[in-house]
Structures are given as structure tokens and as C-alpha cells.
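The values are calculated or read from the model by the stated rules, or taken from the named source; none is laboratory data. Given the structure is predicted, the values throughout are model-derived calculations rather than measurements. Cβ placement follows ideal geometry from the backbone for every residue including glycine, while neighbour counts extend to all protein chains displayed. Note: areas computed on protein heavy atoms with side chains; ligands, DNA, RNA excluded. Shrake-Rupley method; radii C 1.70, N 1.55, O 1.52, S 1.80 Å.
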Amino acid sequence: MLPRVRVLIIGCGYVGVPLGAELVRQGHDVFGLRRCAEASEELVAAGIAPLAGDLTDPGDLARLPGPFDWVVNLASSSRGGADVYREVYLEGSRKIVDWLSASPPQKYVFASSTSVYGQTDGAPVGEDDLAEPAAETSKILVESEKLLIDAARERGFPAVILRIAGIYGPGRGHLFLKYLKGEATMAADGERMINMVHLTDLVKAIIAALKDGRPGEIYNVADDEPIGQRSFFEWLGGTLGMEAPPIASEEALKRRKRGVTNKRVLNRKLKAELGVRLEFPNFRAGYTAEIERLRRAGALDLGDEEESV
């Protein structure tokens, strides 16, 4: 068993709360940072000490009760555009590295995204493949990664980068929830690949990165089976008794913040180097569990063509 450590989770929300709860269960002292103190009872209930502060404010960072052995940055852009991405991810990373340089943690994990892969031909992509996205927001994530990798290689800063696929789990899953509401659409011929990871497996991956991730390294976090949009919706339709969604217009696709990419994200490094064993190796396993959860809760009503959660 590892010695007791002090953990700071920056952006302690949908992922951070179950992550913190698991780290508390393992015997660690966990602090959760949010922009404001609202809903802090959720953190307290999970055994997490709530903190309020802005990661982009050096004064707020300096007031945090460090030092910390492990730091996880799960900060969200809150669906903001390029300006917000630059402030939160790039400038936020710069400020965090400066703040932690006085008392470096043993490990720093940064949550990036598989949106940094700009491939559009359905090719498999691993950590060594090009990350040259078209979308401005994803370009900023690449800049943020580079800042942290440079800090790791030049200054010994213990940064580990996780490129995370689309997160789903209880109450979350963008395409799934839009499908239930009758608002989902497919890109082009429906063959665009979807890359996903279940919340449970993401928590496992973050803890594995904290324990065994190598500073300066990047790890993809995705399940074993990228799936085409049409196949995804056909499975959901067969399971729920619903029709497949329509094809999106070209105009709607152009409005997508992250652009339309098409790739199959590989997770070999996650499993080989960090030893992560996925509880939900594909979307069918994960969404079967989520659909059953919704049924038991009486929150899955497909009657009279009214889909809601």
C-alpha cells in the first residue's frame, strides 16, 4: 500500500468527485478546488475537503493549503470558446507550474483531450502520431501540453498528460442524451468514428497516472472499441426501440466548436505502461449499465415517442 499523500483536484466536478472519493477510500487526504464554494456539500459527502479559488489567479493559488504530493488538473472551459480555453488551459497551466515550482508535487496530471488529433480519414492514432487539429480550441490544448512537456523535460516538473476521449457514465454522454431527446444527428454517411471512455475507467486511468505515469509522457485514455456513429445509434435504437437519427447539415457541422474529426484512438500505452484494466471495454458494456440504471430509477420513458431523461 502506498503511503498517505495529500492530493489536490483542480476542477473537482463530474470526474473529480468520484476520483476524490476513491482516493479517500485508499487512505489519502484529498482537497477539491472549485471556482466558488457552491455545492461544497457534495465534496464533503465524498470525504473531500472543499476549496474555493480561481486557477488563473496566482493569489488564489498561493492561498491554497499546500504543499500537495499529487495534483490533478481537471479544469473545464465550461463550454467556452478559444479565449476561455487560452485563459483556463494555457495561461492556467503556466500559472500552476510557476506556483508549484516552489514546492513541486510528486506528480501532476493534466486532463487534455483526444480532440488534439485532427485526423479525418478514420486512421488509428497513438500518442506518437501528429496532433495538428484544425479547431482553435484544440490548438490551444496542444500548446498547453507543450508547455507542460517542456517544463517536465527542462525543469523536472512532474507533468503527465492524459488525452481523454468522450466521457460517459451516469447522467453523462453527449450523443446518448441528445439521442434520447430526439436531437441527435450523424455526420456525413454515419461512418465517423466515436471514441469514448467510461467515467469508472477514467478514474482508474488518472490514479494509475498518479502512481506510475512518467513525467513528460502522454497517454491516450479511451476504451478498446472506437465505433462508427451509425453503428452506435443502430445499437442504441435496437436496445431502446428507436429510429436512427438524421444526417446533420453541412452548416451544422461547420458550427461545431471542435471541428469534425474522424480517427480511431488507440489505448495500448494506457494498458501496457500504466496497467489499466478497463471495466467497460466498449460502449455496449457501459451503456447497457447506464440504460439499466435509468430503467431502475424510472427515468427512461420512451412511450408515445417522447424520449427524455
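Side notes on the structure shown:
- Over all orientations, the chain has a Cα convex hull whose mean projected area works out to 15.9 square nanometres.
- Test item: Cα-centred dipole of the chain, Lys/Arg +1 and Asp/Glu -1 on Cβ, debye: 740 debye
- Ligands, DNA and RNA aside, Arg284 has an accessible area near 80 Å² when probed at 1.4 Å.
- With a simple spin-label model that places each label point 7 Å from the Cα along the Cα-to-Cβ direction, the separation between Thr288 and Ser103 comes to 4.8 nm.
- Helical runs (DSSP H, four residues minimum) scored at -39500 (n - 2.57) apiece and divided by the length of the chain put the mean residue ellipticity at 222 nm at -10500 deg cm²/dmol.
- Ligands, DNA and RNA left out, the accessible area of the stretch 1-138 computed with a 1.4 Å probe is 52% carbon and sulfur.
- Largest GNM mean-square fluctuation among Leu141, Leu64, Leu266, using the chain with Cα springs under 10 Å: Leu64.
- At 0.692 mPa s and 37 °C, Stokes diffusion of the stretch 140-242 via Kirkwood alpha-carbon radius, µm² per second: 209 µm²/s
- Average accessible surface for the stretch 15-151: 43 Å² per residue, computed with a 1.4 Å probe over protein heavy atoms with every protein chain in place.
- Applying Stokes-Einstein at 37 °C and 0.692 mPa s to the Kirkwood radius of the stretch 82-137, computed over alpha-carbon pairs, gives a translational diffusion coefficient of 243 µm² s⁻¹.
- Rounded to the nearest 20, the Cβ-based charge dipole of the stretch 13-118 about its Cα centre (Lys and Arg +1, Asp and Glu -1) stands at 220 debye.
- The accessible surface of the stretch 155-272, taken with every protein chain in place and a 1.4 Å probe, is 48 percent carbon and sulfur.
- The loop-placed trypsin sites (Lys or Arg not before Pro) in the stretch 1-86, going by DSSP, that have at most 14 neighbouring Cβ atoms within 10 Å of their Cβ come out as Arg4, Arg63, Arg79.
- Cα gyration tensor shape for the stretch 1-66, rounded if a/c is under 1.5, else prolate or oblate: oblate
- Low-density loop cleavage sites - trypsin sites (Lys or Arg not before Pro) in the stretch 173-282, where at most 15 other Cβ are within 10 Å (DSSP): Lys181, Arg255, Arg256, Lys257, Arg277
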